[in-house]
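**Q** A single structure is presented below for examination.
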Amino acid sequence: PQERTLSLESRQVLVGGSPTHYLVGGQGPEVVLLHGGGGDCRQWGPSLLSLAENYRVYAPDLPGFGQSPNPRDDWSVINFVRFVEDFVQALGLEAVRVVGHSLGGGVALGFAIHFPQRLERLVLVNSLGLSRGIAFWTRLLSGALGMRWGQRTVVEALRWKQRRRGLGQDLGASVAERQLYLVRHILGLGGQRLTFSP
């Protein structure tokens, strides 16, 4: 038998009036993959093609990441949760399987809580929001963000990471500053502010 060649397509869809970039491929039950806060949909790498052997995979760039602009000033997790609901609806999908990594895991948890009728299965990978615990260096970083020198240093580090990982063009200081807003929203010296556990 001839071996099937799998590929992923790069597409755009309007979500809440804003163009959203995503990768799609494969056949079978629908799976939505939500990336972490350090990159974009390409973070999933070879996993996308592996999953596409048995599933129809959709990997969006969350608003403000990758090739998806962010129409809002508010980068709160609940806005990402609403985005996922709007993304699923824009594609005409019913109930989907959702896989979330890190920040994407926290978004996936929020999606499961607020839109359970849309969720078929949930898979979390090193997810945000399961407890207050977070690495000590990350708590220190969140403290440094309260100081002007810390903010400048972290903005430059984020921009350097974007360039090093080849995440398209340098997204610029404005995007890095919005990522800082997200970090401050999620983390504090005491650990994660956002938790979904009782």
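**Q** Only one of (1) open to solvent by less than 50 Å² (accessible area, probe 1.4 Å); (2) in contact with a Cys (Cβ under 9 Å, 6 or more places away or on another chain); (3) at pLDDT below 95 is not met by Gly36, so which one is it?
**A** If we test Gly36 against (1) open to solvent by less than 50 Å² (accessible area, probe 1.4 Å); (2) in contact with a Cys (Cβ under 9 Å, 6 or more places away or on another chain); (3) at pLDDT below 95, just (2) comes out false.
**Q** Across region 71-97, what is the total count of residues that are among the polar types (S, T, N, Q) and touching a Lys or Arg at 6+ places or on another chain (Cβ under 7 Å)?
**A** Quick first cut of region 71-97, residues among the polar types (S, T, N, Q) only: 76, 79, 89.
Now narrow it down to the ones that are touching a Lys or Arg at 6+ places or on another chain (Cβ under 7 Å): 79.
Result for region 71-97: 1.
**Q** Could we say that Gly66 is touching a Leu at 6+ places or on another chain (Cβ under 8 Å), at positive phi and modelled with pLDDT under 90 here?
**A** Taking the combined requirement at face value, the residue satisfies it.
**Q** Quick check on my filter: what residues within region 47-98 are open to solvent by 30 Å² or more (accessible area, probe 1.4 Å) and part of a strand (DSSP E or B)?
**A** Arg56, Arg97
**Q** Let me ask you something else. Can you go through Gln12, Gln43, Gln27 and tell me which one is part of a loop (DSSP other than H, G, I, E, B), open to solvent by 10 Å² or more (accessible area, probe 1.4 Å) and either touching a residue at least 24 places away in the same chain (Cβ under 8 Å) or not hydrophobic (A, V, I, L, M, F, W, C) (or both)?
**A** Being part of a loop (DSSP other than H, G, I, E, B), open to solvent by 10 Å² or more (accessible area, probe 1.4 Å) and either touching a residue at least 24 places away in the same chain (Cβ under 8 Å) or not hydrophobic (A, V, I, L, M, F, W, C) (or both) holds for just one of Gln12, Gln43, Gln27, which is Gln27.
The values are calculated or read from the model by the stated rules, or taken from the named source; none is laboratory data. Worth saying up front: this structure is predicted, and the values here are computed from it rather than measured. Every residue, glycine among them, receives a Cβ derived from its backbone with ideal geometry; neighbour counts consider all protein chains shown. Accessible surface is based on the protein model in full, side chains and every heavy atom, while ligands, DNA and RNA are left aside. Shrake-Rupley method; radii C 1.70, N 1.55, O 1.52, S 1.80 Å.
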